[in-house]
Amino acid sequence: MRAGISRVAAVVSVLLLFRAGCRHAVNVGPPVEPEQAVAEASERLGRLESFAFRFSWHTDRPFELGADFSGVRDSTDREFWRGTWYRGSSRSSFIVVGDGEVQYELLDGGWSREPRGIESRVLDHIEQVLRTPEFRFHSETGRTYRYEFDPKLPVLDPSGQKRIRGELELCRQTGLLLRASCREENGPVRWELRLSGFNRAGRVTVPFVPVQELAVAPVGRAGRRELGHAVRTVAARLDVLERRHRFFRASPFDRDRRWGQLVLQLEREEPSPVIERLLGPGHVELWTAEGIGPTVPAPEGVVEIGGDASRLARPTRLLGGNGDFAVSTELEFLSRPTLVVAGREGAALPEGELVLLVVDGRTLDAARVREGRLEFVALGGREQVKALVAVASLPASAGLRVLSARSLKARLR
């Protein structure tokens with residue numbers, strides 16, 4: 001019973017999300033010529049902010065099979081589909097959200113993530129019809145152009161022996177597809193798609209399906225204010241990286257629960273070095289320095305660069321920290337991931353100087369200022385460098401630490 005209630009609640013929330021958005025209507029210009037309207041129909045749909053659709057088909061070969069769906073597509077390549085599949089007397093409901101290369105299907109146990117298929121790509125279904133070699137202009141009625149065509153849809157007639165007639169309707173003013181219909185002459189086979197709500201169907205929001213769960217707590221002693229700031233900072237860093245996430249309080253029934261303990265769920269599994277960087281305090285500093293050759297023992301005030309005892313330097317002057325400089329990445333193919341730091345107006349970098357990159361008290365790398373910028377290359381892989389950009393772009397905090405971690409992939413189908 002609980003699973004059924006959760007399923008209904010999830011559907012209602014998704015429906016509300018895509019109905020709540022309101023987009024501008026399509027601009028209406030001079031009438032589009034009939035030949036031009038057909039040639040550009042698919043391209044025009046791809047440029048829309050959103051549209052709604054109703055899609056159904058039925059065939060009796062090799063057995064009775066069909067579907068009835070309705071949904072919404074928006075300009076971010078997201079689609080919401082809801083409807084029913086049927087095969088003979090068997091019927092099953094279908095609720096799917098497509099997003100880029102993945103799709104989410106609502107099952108009894110919640111949302112399941114999997115590679116996206118044609119079942120959640122309405123433009124692919126439309127292309128199957130618009131691939132027809134020839135559309136014959138039939139008539140013009142009011143604001144509608146009507147065409148006839150001979151459809152080639154194997155799903156309706158695998159053997160190609162049925163006489164199926166196709167009709168296409170386009171808006172005369174906008175050139176947008178209104179209806180495509182394929183029907184068997186004197187038979188039950190049919191395929192129909194209707195479009196509406198152009199630029200006002202709303203937006204589709206993707207469900208959150210976590211694959212990694214972390215138990216986290218403050219670094220050292222932290223009050224409520226410091227804890228709240230640390231959580232907001234980590235959330236902001238994840239937003240910079242476009243990592244969908246969710247924080248919530250740990251269960252009060254957990255006997256090992258500590259004060260301030262929280263649960264962080266992530267929609268993609270991150271390696272430990274990236275997690276540590278994103279959750280840490282994130283105090284970033286740039287120091288000018290004097291390079292020093294290897295000496296034993298190292299002189300007082302000298303630091304190791306990247307933990308390498310053969311690379312030593314003495315910090316001399318603090319240039320700035322979080323948010324004081326423009327920070328970006330260079331992630332070119334076959335080159336080392338690079339953290340690029342550039343000066344801003346009123347905060348130029350000293351040309352030719354050796355500069356240390358220090359994060360949370362550790363000297364990670366050193367580089368010389370060339371043409372007003374620094375390039376740090378000894379910072380790890382691509383994801384670590386991208387995480388460091390997010391950290392350096394935002395204020396530091398008290399930080400969080402990981403108490404435990406677990407993968408949730410086993411929950412996914």
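Summary of computed values
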| item | result |
| --- | --- |
| Max mean-square fluctuation residue, GNM over the chain, Cα-Cα springs under 10 Å, options Glu40, Glu167, Glu213 | Glu40 |
| For Arg82, Arg317, order by how many other beta-carbon atoms lie within 10 Å, fewest first | Arg317, Arg82 |
| Pair Ala39, Arg382: separation of 7 Å Cα→Cβ label points (nm) | 4.0 nm |
| Sites Arg194 and Thr329, calculated FRET efficiency, Cβ-Cβ separation with R0 51 Å, nearest 0.05 | 0.65 |
| Stretchable slack from Ser404 to Arg91, in nm (0.36 nm times residue separation minus alpha-carbon distance) | 108.3 nm |
| Ranked by how many other beta carbons lie within 10 Å on average, peptides 97-110, 380-393 from highest | 380-393, 97-110 |
| Matching label, volume of the Cα convex hull per residue in Å³ computed from the structure shown, candidates [x] 228; [y] 138; [z] 170 | [x] |
| Qualifying aspartates and glutamates (Cα of each under 14 Å from Cα of Lys409; at least 8 residues distant if same chain) | Glu114, Glu213, Glu267, Glu269, Glu270 |
| Electrostatic dipole magnitude of segment 2-196 [Cβ: Lys, Arg +1; Asp, Glu -1; Cα centre; debye, to 20] | 540 debye |
| Normalised contact order of segment 2-196, rounded percent, pairs of Cα under 8 Å and 6 or more residues apart | 22 percent |
| Fewest-first sequence of Cys182, Cys171 by Cβ atoms within 10 Å of each Cβ | Cys171, Cys182 |
| Sorted by Cβ density within 10 Å, fewest first, the residues Trp191, Trp85 | Trp85, Trp191 |
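Any read-out appearing in this document is the output of simple, stated calculations on the displayed coordinates, not a laboratory observation. Bear in mind that the values here come from a model prediction, so they are computed numbers and not experimental data. All Cβ positions, glycine included, derive from the backbone under ideal geometry; neighbour counts span all protein chains shown.
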